[in-house]
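Chemist: Next up is a structure, given as structure tokens.
What follows draws every value from the coordinates through simple rules; no lab data is involved. Predicted, not measured: the structure shown is a model, and the values here were computed from it. Quick reminder, even Gly has a Cβ in these numbers, built from the backbone with ideal geometry, and neighbours come from all protein chains shown.
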Amino acid sequence: ETGVTQTPRHLVMGMTNKKSLKCEQHLGHNAMYWYKQSAKKPLELMFVYSLEERVENNSVPSRFSPECPNSSHLFLHLHTLQPEDSALYLCASSQDHSPRNEQFFGPGTRLTVL
Amino acid sequence: KNQVEQSPQSLIILEGKNCTLQCNYTVSPFSNLRWYKQDTGRGPVSLTIMTFSENTKSNGRYTATLDADTKQSSLHITASQLSDSASYICVVTTGAAGNKLTFGGGTRVLVKP
């Protein structure tokens, strides 16, 4: 068990729906991340939060909206998604947001947009 | 442009056999290199981390090597087991300002009985 949990594990939504992905880490870390993993492509870093402040936003479309209410919880709010947004969305945490620190990943949410 | 290329894309081996995965990178300046294992339906889990001065590091049946001069790393799996079936991802960290991670596309390994 990595100490990082994600819910739901699977999500199917229409393009007009609004849904949220949730991530929780029980490791006492100060940094949290959202990644997108599409088939046959490298992981893509979407957002980085450090001590609840967003420190990185990698040109992600505004239909993805992150929220970090505290250092243990991270959300990804979804609205008006496109079929090409179907992917595995991974959450990770690390001691701080230096990439030299190991990131611990959650199991991911498999998202399908119809 | 910082890049990490992994080969092969996929690999099928028989249980008990050895295999070697390759990772070539153009990331500069180099800080460290990690190998992650990602089981189907799970998030990646770190296997090894290597810094500039380290040539070899082992974690059980997994042995990683690093040649910082040629910018190549390999992950060797000894006496493969069915549980080794997974994707193996090479991740390189740059030491430049901003400290970026660059991910490889992964190698999908399938171990058959």
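Chemist: Which value, in debye to the nearest 20, gives the size of the charge dipole of the protein assembly as shown about its Cα centre, when Lys and Arg are +1 and Asp and Glu are -1 at the Cβ?
Modeler: The dipole magnitude comes to about 540 debye.
Chemist: Among A:Gln6, B:Leu110, A:Ser50, pick out the residue whose Cα is farthest towards the positive end of the charge dipole of the protein assembly as shown, where Lys and Arg carry +1 and Asp and Glu carry -1 on C-beta, about the Cα centre.
Modeler: B:Leu110
Chemist: Using only the Cα atoms of chain A, what are the Rg and Dmax in Å?
Modeler: In order Rg, Dmax, the Cα atoms of chain A give 13.1, 39 Å.
Chemist: Dividing the Cα radius of gyration by the Kirkwood radius, what Rg/Rh value follows for segment A:66-114?
Modeler: Details: Rg = 13.0 Å, Rh = 12.6 Å.
With Rg and the Kirkwood Rh in hand, the quotient comes to 1.03.
Chemist: Still on this structure, please answer the following. Please report how far the C-alpha centroid of segment B:44-93 lies from that of segment B:1-43, rounded to the nearest whole angstrom.
Modeler: After rounding, the separation between the Cα centres reads 7 Å.
Chemist: Send over the Kirkwood Rh of segment A:1-59, from the inverse of the averaged 1/r over different Cα pairs, rounded to one decimal Å.
Modeler: On the way: mean 1/r = 0.0742 Å⁻¹.
Hydrodynamic radius (Kirkwood, Cα pairs) of segment A:1-59 is 13.5 Å.
Chemist: Show which aspartates and glutamates lie in cross-link reach of A:Lys41 when reach means a straight Cα distance below 17 angstrom and same-chain residues fewer than eight apart are skipped.
Modeler: A:Lys41 reaches A:Glu84, A:Asp85, B:Glu5, B:Asp39.
Chemist: State log₁₀ I(q)/I(0) for the protein assembly as shown at q = 0.07, 0.09, 0.13, 0.15 Å⁻¹ as given by the Debye formula over alpha-carbon point scatterers of equal weight, solvent excluded.
Modeler: Computed log10 I(q)/I(0) values: -0.22, -0.37, -0.77, -1.01.
Chemist: What aspartates and glutamates sit close enough to B:Lys112 to cross-link, taking a C-alpha to C-alpha distance under 13 Å and skipping anything fewer than 8 places away on the same chain?
Modeler: B:Glu15, B:Asp84
Chemist: Now for a different question. If all Cα-Cα distances of segment B:20-103 are sorted into 10 Å bins from 0 onward, what percent lands in each bin, rounded to whole numbers?
Modeler: Answer for segment B:20-103: a P(r) of 18, 51, 26, 5, 0 percent.
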